[in-house]
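Okay, structure first, notes after.
Nothing in this text is a laboratory measurement; each read-out follows from the coordinates by a stated rule. Predicted model only: the values in this text are computed from it and were never measured. Heads up, the Cβs are rebuilt from the backbone with ideal geometry, glycines too, and the neighbour counts pull from every protein chain shown.
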Amino acid sequence: MHAETVNRKAEALAALASVPSEPGAPKPDPILVVDNVVRRFGGLTAVEVEHVEVQRGSITALIGPNGAGKTTFFNQLTGFDTADSGTWTFNGKPMNGVSAHQVARQGMVRTFQLTKALSKLTVMENMRLGAQKQRGENFFRALVASLWQPQEDEITIRAEELLERFKLAAKRDDFAGSLSGGQRKLLEMARALMVGPELVMLDEPMAGVNPALTQSLLGHVKDLREQGMTVLFVEHDMDMVRDISDWVIVMAQGAVIAEGPPDTIMADARVIDAYLGAHHDAPLTTAEAEEQLHQAEAELEAEIEEKA
Amino acid sequence: MDWTLIFIRAVEAGIGTEAVIYGLAAIGLNIHFGYTGLLNFGQAGFLAVGAYGVATTVATFGLPFWLGIAVGLAAAVLFALLLGIPTLRLRADYLAIVTIAAAEIVRLVVRSVALQDTFGGTDGLEAFSDDFYGMNIYAPGSYDIGPIGFDHRTMWVLTVGWVLVAIACTVVYLVMKSPWGRVLKAIREDEDAVRSLGKNVFSYKMQALVFGGVIGALAGFLFALSRAATQPDLFSTELTFFAYTVLILGGAARVLGPVLGAVVFWCLLILVKTGMEEAVNHQVITFITVNQVGSINYMLVGLGLILLLIYRPQGILGDKREIALDAR
Amino acid sequence: MRRAVIAFTAFLGALFILLASPAWAEGESLRGTLQNQGQPVNGVKISVTSGDGQPVGEATSDAEGKWEVPVPAAGSYKVTLDQATLPAGTVLKFKDRATLTVQVFEGNYRNVLFALASGDAAGGATEPDSGGSRSAFWTRVAQLAFEGLSLGLIIALGALGISLIFGTTGLTNFAHGELLTVGAFIAFVLNTTVGLHLLIATPLAVIIAAGFGYGQERFFWGPLRNRKTGLVSMMIISIGVAMFLRYLLLFLFGGENVPYEQYVAQDGIELGPIFTTPKSLIAMGIEIAVLIAVGLALTFTRLGKATRAVSDNPALAASSGINVDRIVRIVWAMGAAVAGLAGIMLGTTQILNFQMGQQILLLMFAGVTLGGLGTAFGALVGSLVVGMFVQISTIWIAPELKTVGALAVLILVLLVRPQGILGRRERIG
Amino acid sequence: MIRIAPFGRVLAVAAAASLALTACGGGEETATPASSAPAAPASSAPAAAAGDGVLTIGALLPQTGDLAFLGPPEFAGVKLAVKEINEAGGVLGKPVVEIDTDSGDTKTDIASQSVDKLLQQNTDVVIGAASSGVSKTVIDKITNAGVVHFSPANTSPEFTTYADKGLYFRTAPSDVLQGRVLGDLIVQDGSDTVAILNRQDSYGNGLADEVEKSVSGGGGEVVVKTAYDPAAADFSADVAKLKEANPKAIALIAFNETTKIIPELKKQGLGPDKVKIYFVDGNLADYSKDFPKGTLEGIKGTLPGAKSPDDFRQKLLGVDPALTDWSYAPESYDATILSALAAEAAKSDAGTAVASKLIDVSKGGEKCTDFAGCLALLKEGKDIDYDGLSGPVEFSDAGDPSEATIGIYQYDGENKYSNITYLSGKVAG
């Protein structure tokens, strides 16, 4: 794998360089193409995306304020929630209406905002669970250990490699429940890799992780791209996004409002508006903040005198 | 107070037909509830389907015994499929309500007047166990190990029963050790996680329901054959909840949990029952009549179920950490 | 000496047997009484011939319409009514049955009946009730609809409690049926042992049942919830509670059907096509009143709003200042009280038995699920629909399969529309 | 973090059988009996359970369930017989051993467990069960164990033709007789349109068919015959079906659920005051505590059995002072006496031996009416013909009494029944 160290990052940036930074911009080699996906809960429209594409081999960030519909959009694409309407294709194959486990089998594997490491299984069992096409998972073949044991051993070796890389090898036989928050996120990511995905969809991988671990997580995300996988991850912390993502898609109120490389997105007025709310004024300097505080206290005192 | 009679009766119950039948029913339930977290309150339905499968085939239609067994098993698989399709996507409490309703439907249909020619109505069916007892390897007479003894017919039922229990335990052990078992345990904890790894959760839950249901049907066969008669009201909800008490007492999600649970449960239950009956007959306890002993027994089972779940949900063999009785 | 005594008692015993069966000595005979709408018909000739046609004897009905023809031995005989001798205006109800072949058994007389009806000789018997069969069908439908409403109301009272307890605590209480039975038997104790009239015993019993519900939550379910016992364990615990209570009642009151002191087998009164008893009407009146009262309380009173808030979203309600534990205890008390009332109503309209609550538990679940778990009004509507369906379905399916119909509907609803009629989609999770 | 080593589990699985044997036994040596299993499978002929010299009578009679009211007189009948037998020197020189067990009803599983208990205490003759339904569920188990199944009260015609390996006997007549007498009574009372409402089991269906045959044979017409589920919560649908046919008479073939059906009949305008209602042996009981005065006035009913002589009633009271009901006491008494006599005649207490002599002891030879007298004749090597208190008791080849007496009773204002007359007849007719 590491012999020909093709610089995947450079390759991705080169491919995306020519892409205009506006919503729905077509990509040279899209792995995922989405057309007007809509999802409504009662009267509220949670997601309404006309068109968006994800470049193969890139690390694309899907950002937006809380409640922008990022996770709901994620759930639509991965079959965990049924969209009201809309079509999307993965590697050209139509995926709308496909059940969650079929989506994963096609190579679109996701993780969850609240990590779903299976605490009552050991770390190794969690990893083995991720492997695909296990002969031992058929009820009748399961009865004869010799039918699936060789494949199980291969899976175990692959799992150990990944655990080594994710520095979880020591915890191999412990219950996943005994891992820390960060370690669980690592386990969930490692387990997703066991599936052998083409597109890894991480739902807020950095949420609730202590800063020391964030760097190693970012390193692992980069490793994914090194191994030829495409990464689409949801994040609402802009600084985190800046240094690892090749492309950024911004969502607000359920729609894609901007797309482009991280730097252009950071400067884009619409994105800042979306994040800080439309009617904001420039960020408060400390002096202004104190002045507002005094004013509020004065008002309060007046009110109390009135009442008394 | 004849204490030896009490202990003999308790030991006989511990290894007797009741223990075997409830052991098998609990093993089936262990697959559903213990390993996959399916809150199946309709295990009595699987026993009824098995028992009536063999009884109707042999007694009403006069077909051979082994065909009856095949029909019983096929009926259990069909019942699992019919039960699974509407329910396996639902939350635990909906699943509980629907499975208890399904088992009641089976009971009400087989006891119905309209179908009494096929199912025998409230009296149930008789005269279907001759072939079974024809294969009895024991010559007539009673077989004793010390004071504990069974007649040849019961010996035959027990031998067949305990062999079935051993086979069921072996199959469960092998299958739960395999990747198939691993997926089941994962489903018990979080279905979405398993779905995100490309496993068809619905099909695994259905397989578990069928596998547990077939073992339940085996228990149903023994239930009917040991009595040489089937009665619809034996397959009431009490049967399912006795099986739950047995399973949780022994230890859910453990291969031998249900077996040990059945033995200890019936040993204790009959110990208390015979003890009270002896005490009442010998005027040691005077404030209750012998008929009320039965109701006290049921009360103790209810109380036992409550205390087990509060203070020792993992039962005898279980491991506290592994038991998450909060299947989704 | 002992031998003699034994011999003597043997003789006495034989004598008794002979005496005991006077009919023994009487010879075999055929006899009967001829009546038309209760009035004896006399002067009608009845002739009897043996199986192969030999005449055996004749008789004419006397003033009381009675006739008798002795026969030589047991066997089969042909009995013919001579229609010519029928008085004007009375005719054989069934034209083709002027001659009956009747079997006479050894040592017994045999009664024979010629059904007579009024009507002119030529036209044949006017069938008073043939026209009635169509209207009888509709009276039956009306009767069943009424019974359905009465059953539906009882289920609604029970289902209301289940729905509110589920809403506020997420617990599907499998012991709710027993709350009905406990309420009914509390009233039974007050009514029989304490001797209070049912009208006094009922409110008292409802209050005690409310206390029982409050106590259950305060000392059992509440602490369990605080120990973070999972919902599944709570459900199985509720089964243990159900079994314990049910067999405690069997232990205390035995398995037989026992009635209250008052209002037992009342005479039916006729309300158009419907036959019912005053007590059923009163019971339904009380049930409707209570349901309306609870409905109003839920919508308008502060307590009601708080209950609905807690049942909608306990966490949100707690954060907005509602003392959730207090609300849950009140819900349990009210649920138990209403269930107890349902039990008493069921006990008066029918009879008390230790299993009466459990027998309608599944119907209550069907009502709640049909109406939408967690919405009190849904449970109301669902229960009435289930009650009506159960009774009216007996026109097409055999009566004892009526519960099967309701349970099948329950499963179908979950297949098609799991959130029920009024429930919201995400509730089923 | 200890985990049970996988190897341990494999060992456990292999030892599942022995684990079971030692779980409670506390150190019992685990020689499984399989080793001593001889090769030849038992033939289908009844296993010749070798007699142990002591005649053990197992009483399988109702202490709980629908027929609990029939328990006391039947137990008293058996106890009185055993007392008299042992006073006269017992059987084969040893006193007779009596074991009492509860037969419950078809809703519970008690009968089967009681039979297990009896078989394990090597009972030779099982006296019971009272309800035909319960007997049907245990007949295979008893007859296959080579034990005599002797019922004092089963009246379902099914037992006449049931493949019982010659081991089933009864002292109560088949309902062919009771059905005929009841049908004749209904025709005699002049009701031409008759409804039959019967519980759905071998007893209910059997008697209903016989009553229908007898009514239509005598010229009446059965307009509706419907079986109901005995454990139903309410009977409104069944009664509505009856009302639609608007009968003049209703034959109610039921057990304890009569306390639910009568109020429903009254409610729907079919009460005893509007329609002639007839009871049978299953529900002919003292309802003074169940219904207000006058509810059942005028209702007639049939009950197999001749008038039990007063001295017999005094002796029964000697055994059970609290007795108020006498149904089937003579039959239980006769069954026990006959079993003892057959054992004496066969010189062995083994079930099959007793069965082989039962028919012979009941007819042909010198008449005798009590155990002591018959025993004396047997000792002299004579063939005896025992005539009991329930009737001449002449067994047909199928083990049924060929003739018997049926009593006709009527309810007074106190809801108590008293005898009108007795009719005897041959079952075969």
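Overview of results
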item	result
Computed magnitude of the charge dipole of the stretch C:133-419 (debye, nearest 20; Cβ of K, R +1, Cβ of D, E -1)	820
Choice from B:Leu247, B:Leu174, B:Leu197 showing the highest fluctuation, given a GNM over chain B with Cα pairs closer than 10 Å	B:Leu197
Per-residue [θ]222 nm for chain D (sum of -39500 (n - 2.57) over DSSP H runs n ≥ 4, rounded to 500)	-11500 deg cm²/dmol
Of B:Gly315, B:Thr237, B:Ile296, farthest towards positive along the dipole that unit charges on Lys, Arg, Asp, Glu beta carbons give the stretch B:226-328	B:Gly315
Fewest-first ranking of A:Lys120, D:Lys266, using other Cβ atoms within 10 Å as the exposure measure	A:Lys120, D:Lys266
Gyration tensor verdict on the stretch B:1-159 (Cα atoms; rounded if a/c is under 1.5, prolate if a/b is larger than b/c, oblate otherwise)	oblate
Cβ-Cβ FRET estimate between A:Arg242 and A:Leu44, R0 fixed at 30 Å, reported to 0.05	0.45
Burial ordering of C:Trp138, A:Trp148, fewest other beta-carbon atoms within 10 Å first	C:Trp138, A:Trp148
Nonlocal amide H pairs with A:Ala46, under 5 Å, H built at 1.01 Å	A:Arg39, A:Arg40, A:Phe41
Value of [θ]222 nm, deg cm²/dmol, for chain B, DSSP H segments ≥ 4, -39500 (n - 2.57) each, nearest 500	-22500 deg cm²/dmol
Span-rule helices in chain B, defined as complete DSSP H runs reaching 15 Å or more along the axis (Cα) with Kyte mean at least 0.0	B:3-15, B:17-29, B:43-55, B:65-87, B:92-110, B:152-177, B:201-227, B:237-250, B:257-281, B:290-311
Residue mean of other protein chain beta carbons inside 10 Å, B:95-104	6
Separation between Cα centres of the stretch C:226-265 and the stretch B:59-121, rounded to whole Å	27
Cβ-Cβ FRET estimate between C:Asp96 and C:Ile397, R0 fixed at 35 Å, reported to 0.05	0.55
Contact order normalised by residue count of chain D, Cα under 8 Å, 6+ apart, percent	18
For the stretch C:220-225, 3J(HN,Hα) per residue [Karplus equation, 6.51 cos²θ - 1.76 cosθ + 1.60, θ = phi - 60°, Hz, x = Gly/Pro]	10, 5, x, x, 4, 5
Tilt relative to chain C, helix C:302-312 - C-alpha long axis, 0 to 90 degrees, to 10	90
Contact order relative to length of the stretch B:20-237, as percent, for alpha carbon pairs under 8 angstrom and 6 or more apart	42
Per-residue average of Cβ from other chains inside 10 Å of A:135-141	6
For B:251-257, mean number of other protein chain Cβ atoms within 10 Å	2
Most fluctuating residue given options D:Pro321, D:Pro157, D:Pro272, as computed from a GNM of chain D linking Cα atoms under 10 Å	D:Pro321
Inter-centroid distance (Cα atoms) of the stretch D:360-422 relative to the stretch D:264-297, Å	31
Mean separation of Cα contacts under 8 Å (6+ apart) over length of chain A, as relative contact order %	25
Residue among A:Leu147, A:Leu186, A:Leu114 with the largest mean-square fluctuation in a Gaussian network model of chain A, springs linking Cα atoms under 10 Å	A:Leu147
Crossing angle, helix C:402-416 versus chain C [Cα axis fit, 0-90 degrees, rounded to tens]	40
Label-point separation in nm, D:Asp397 to B:Leu63, each point 7 Å along Cα→Cβ	3.4
Förster radius 25 Å - calculated FRET efficiency between C:Arg227 and A:Asp173, Cβ distance, rounded to 0.05	0.25
Degrees between helix C:176-188 axis and first principal axis of chain C (Cα, 0 to 90, nearest 10)	70
Total charge dipole magnitude, the protein assembly as shown, about the Cα centre, Cβ charges on Lys, Arg, Asp, Glu only, Debye to nearest 20	1660
Among B:277-287, C:70-80, the order from most to least packed when residues are scored by Cβ within 10 Å on average	C:70-80, B:277-287
Label-to-label distance, nm, for residues given as A:Gln113 and C:Glu58 (7 Å Cα→Cβ offset)	10.4
Unit charges at the beta carbon, dipole of chain B: most positive-side option, B:Leu158, B:Thr122, B:Gly257	B:Gly257
Burial ordering of B:Phe235, D:Phe279, fewest other beta-carbon atoms within 10 Å first	D:Phe279, B:Phe235
